[in-house]
Each structure stands twice: as structure tokens, then as C-alpha cells.
Amino acid sequence: MISTGDGVDGIDLDALQRDAGRILDRVADGRELSLHLCGDDEIRSLNRDYRHKDTPTDVLSFPQDPPLLGDVVISVHTAARQAAERGHDLPTELRILLVHGVAHLLGHDHHDPDEAAAMRTVERELLAVLGIGAAGLVETGWGTGQGQG
């Protein structure tokens, strides 16, 4: 299921829904995913309330009990800035962030080198499922504290 917050327009929700389905078919054993696209104000509030970081971020993941895998929240505003900085379009960045969020829901993290290596592998596999040649957040350093992650 995909939902959107205020100020999020012009996104191909059907394409993201298909991408999420392809990812879930690969890794989720019938579990479902909730994807919410929002702006920086909304994700900043969530980041402050749940991670105690009063700043916008690109993606947040909230694991849930079955039948849900969890919730992924993506700031379209931050994604647009990152897409420009990383040299690709917004739809590609949204897909990269979706993959990163799902990798977190699967229990992966990037706080130490071993965890980051495992998460990098999962991101590569899921990006390949989507036919994306771009690197994931962990591989580029965006998910390791050098970027938003």
C-alpha cells in the first residue's frame, strides 16, 4: 500500500507499487509493505519522535508484526536533492531509497563494517531485481553517515 503526504505530487505511484511488489516477491514470504511518501516537514517530525534527530532524512523504516514486513517512509524533497547530487533522476532515487528501507526492515544495518557489507549485498541484490544499475546508499557512503542514510 502506498500513501502520500502533503506536497507530494507528480510521482508515478503505480511504478513504485510494482517495484515494491517485485521486492516483496523476492524477500518477504507473503508479508506486506506500507510505503508512505512525504515531505521534509513530516519526515523531520518522525525522525525527531522516533530517532531523536530533529532533522529531515531521506528514508525511515519501521518494522511491524506479520502480516506486515513494515513501513517505509521516504521524503520526496530529500530524495529530489539527493538525486540531483548523485546524478540521476528522482524515480531512480525513490527506488534506491525503497530498497534501502526494505533492507532495514529485513534486519540489516550499516553501523559497523560487517553489517554494512551485508547490507550492501542485499541492496545490490534488490536493485538488480528492479533492473537498476545505480549503487545503493551503503555502497556510495550515503547510508554510512556520510550522507543522509
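Each value in this text was obtained by applying a stated rule to the coordinates, not by laboratory testing. Here the structure is a predicted model, which is why all the values come from computation and not from measurement. We place every Cβ from the backbone using ideal geometry, glycine too, and count neighbours over all the protein chains shown.
Quick test for you: out of THR78, THR92, THR55, THR121, pick the one residue that is more than 24 Å from ASP9 (Cα to Cα) and either among the polar types (S, T, N, Q) or touching a His at 6+ places or on another chain (Cβ under 6 Å) (or both).
Of THR78, THR92, THR55, THR121, the one residue that is more than 24 Å from ASP9 (Cα to Cα) and either among the polar types (S, T, N, Q) or touching a His at 6+ places or on another chain (Cβ under 6 Å) (or both) is THR121.
Looking only at residues that are farther than 18 Å from HIS108 by Cβ and of a type in the set (A, V, I, L, M) in the stretch 36-66, which one is surrounded by the fewest Cβ atoms within 10 Å (Cβ to Cβ)?
LEU46
Check the stretch 13-22 and report whether any residue there is touching a helix residue (DSSP H, G or I) at 6+ places or on another chain (Cβ under 6 Å) and among the hydrophobic types (A, V, I, L, M, F, W, C).
No, the conditions are met nowhere in the stretch 13-22.
Which one is farthest from LEU24 (Cα to Cα) among residues in the stretch 36-86 that are touching a Lys or Arg at 6+ places or on another chain (Cβ under 9 Å) and in a strand (DSSP E or B)?
SER75
Only residues that are free of Cβ contacts under 8 Å to residues at least 40 places away in the same chain and more than 18 Å from CYS38 (Cβ to Cβ): list them for the stretch 89-106, please.
Result: ASP89, ALA103.
Any residue in the stretch 71-87 that is in contact with a Gly (Cβ under 6 Å, 6 or more places away or on another chain), closer than 20 Å to LEU130 by Cβ and in contact (Cβ under 8 Å) with a residue 12 or more places away in the chain? Even if it seems obvious, please write down each step before you answer.
First pass over the stretch 71-87, keeping only residues in contact with a Gly (Cβ under 6 Å, 6 or more places away or on another chain): 72, 77.
Now restrict to residues that are closer than 20 Å to LEU130 by Cβ: 72.
From what's left, in contact (Cβ under 8 Å) with a residue 12 or more places away in the chain: 72.
For the stretch 71-87, residues in contact with a Gly (Cβ under 6 Å, 6 or more places away or on another chain), closer than 20 Å to LEU130 by Cβ and in contact (Cβ under 8 Å) with a residue 12 or more places away in the chain: present.
Answer yes or no: is there a residue in the stretch 123-130 that is part of a loop (DSSP other than H, G, I, E, B) and buried (at least 17 other Cβ atoms within 10 Å of the Cβ).
Yes, the stretch 123-130 contains at least one residue that is part of a loop (DSSP other than H, G, I, E, B) and buried (at least 17 other Cβ atoms within 10 Å of the Cβ).
Do we have any residue at all in the stretch 89-101 that's more than 20 Å from GLU123 (Cα to Cα), crowded, with 16+ Cβ neighbours inside 10 Å and of a type in the set (A, V, I, L, M, F, W, C)?
Scanning the stretch 89-101, I find no residue that is more than 20 Å from GLU123 (Cα to Cα), crowded, with 16+ Cβ neighbours inside 10 Å and of a type in the set (A, V, I, L, M, F, W, C), so the answer is no.
Is the stretch 114-126 home to any residue that is in contact with a Ser or Thr (Cβ under 8 Å, 6 or more places away or on another chain) and touching a residue at least 12 places away in the same chain (Cβ under 8 Å)?
For the stretch 114-126, residues in contact with a Ser or Thr (Cβ under 8 Å, 6 or more places away or on another chain) and touching a residue at least 12 places away in the same chain (Cβ under 8 Å): present.
Could you please find all residues in the stretch 3-35 being surrounded by 13 or more Cβ atoms within 10 Å (Cβ to Cβ) and among the acidic types (Asp, Glu)?
Result: ASP19, GLU32.
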